[in-house]
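Below: the structure, in C-alpha cells.
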Amino acid sequence: QVQLVESGGGLVQAGGSLRLSCAASGLSFSTYEMAWFRQAPGKQREFVAAIRRFGITYYTNSVKGRFTISRDTTTNTASLQMNSLKPEDTAVYYCAARYVSSTLYTRTDDYPYWGQGTQVTVSS
C-alpha cells in the first residue's frame, strides 16, 4: 500500500531554516504529483506547495521566495526547503500525493494519500 513518511520538523527561531522530507513507497513515484500542506492550531489544513510532472512547481503566496519544493526520483523522496521562517509558519506539515493530472489541485480532498505529519515550530 502507499506510504508517505515525513521527517525533518522541529523548533527553529524566526529567520532560520528547516528541510522537510517525505519518503514515498508503494507507488510509481514518477507518475504522482507531490504536495505539502500545513495545519496550524485551530485552522484548516492549507496548501503550501506542489511539484508536478516535469518538475513544475507551485506555491501559495505566503511562502513564495522562501520555500522550495523538490523531488528525487532515485530515492522516491519529496522535500520542502523552508528558509526565512516566520512564527506564522508554525504548523503541522503534511506530505500528500495524487496521480498526475492536467490540473493543479490545492484542496485536501483532491489528494488520496497522506503522511502522518511533522511539527514545525518557529519561535519569535
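A few remarks follow.
- For segment 90-104, a residue qualifies if it is more than 21 Å from residue 25 (Cα to Cα) and modelled with pLDDT of 90 or more, and the qualifying residues are 90, 91, 92.
- Matching residues in segment 51-94 - criterion: being part of a strand (DSSP E or B) and in contact with a Leu (Cβ under 7 Å, 6 or more places away or on another chain): 58, 67, 69, 79, 80, 82, 93
- Residue pairs whose Cβ atoms lie under 8 Å apart, sitting 6 or more positions apart in sequence or on different chains, and linking a residue in segment 7-30 that is at negative phi and of a type in the set (Gly, Ala, Ser) to a partner that is surrounded by 16 or more Cβ atoms within 10 Å (Cβ to Cβ) and outside any strand (DSSP E or B), are 14/85; 16/85; 17/85; 21/8; 23/76; 24/76; 25/76.
- Note on segment 49-60: residues that are surrounded by 23 or more Cβ atoms within 10 Å (Cβ to Cβ) and of a type in the set (Phe, Trp, Tyr) amount to 0.
- Index of the failed condition, residue 114 passing every other in (1) aromatic (Phe, Trp, Tyr); (2) without any contact (Cβ under 8 Å) to a residue 24 or more places away in the chain; (3) in contact with a helix residue (DSSP H, G or I) (Cβ under 9 Å, 6 or more places away or on another chain): (2)
- Pairs, first under 14 Å from residue 24 (Cβ atoms) and open to solvent by 50 Å² or more (accessible area, probe 1.4 Å) in segment 61-82, second hydrophobic (A, V, I, L, M, F, W, C) and modelled with pLDDT under 95, C-beta under 6 Å, six or more apart: 73/29
- Residues (over 25 Å from residue 124 (Cβ atoms) and open to solvent by less than 20 Å² (accessible area, probe 1.4 Å)) located in segment 1-48: 4, 22, 24, 29, 33, 34, 35
- Number of positions in segment 93-124 that are open to solvent by 40 Å² or more (accessible area, probe 1.4 Å) and either hydrophobic (A, V, I, L, M, F, W, C) or closer than 12 Å to residue 45 by Cβ (or both): 6
The values are calculated or read from the model by the stated rules, or taken from the named source; none is laboratory data. None of the values given here were measured: they were computed from a predicted structure. Positions of Cβ are generated from backbone atoms using ideal geometry, with glycine treated the same way; all protein chains shown enter the neighbour counts. Keep in mind that these areas ignore ligands, DNA and RNA; they rest on the heavy atoms of the full protein, side chains included. Shrake-Rupley method; radii C 1.70, N 1.55, O 1.52, S 1.80 Å.
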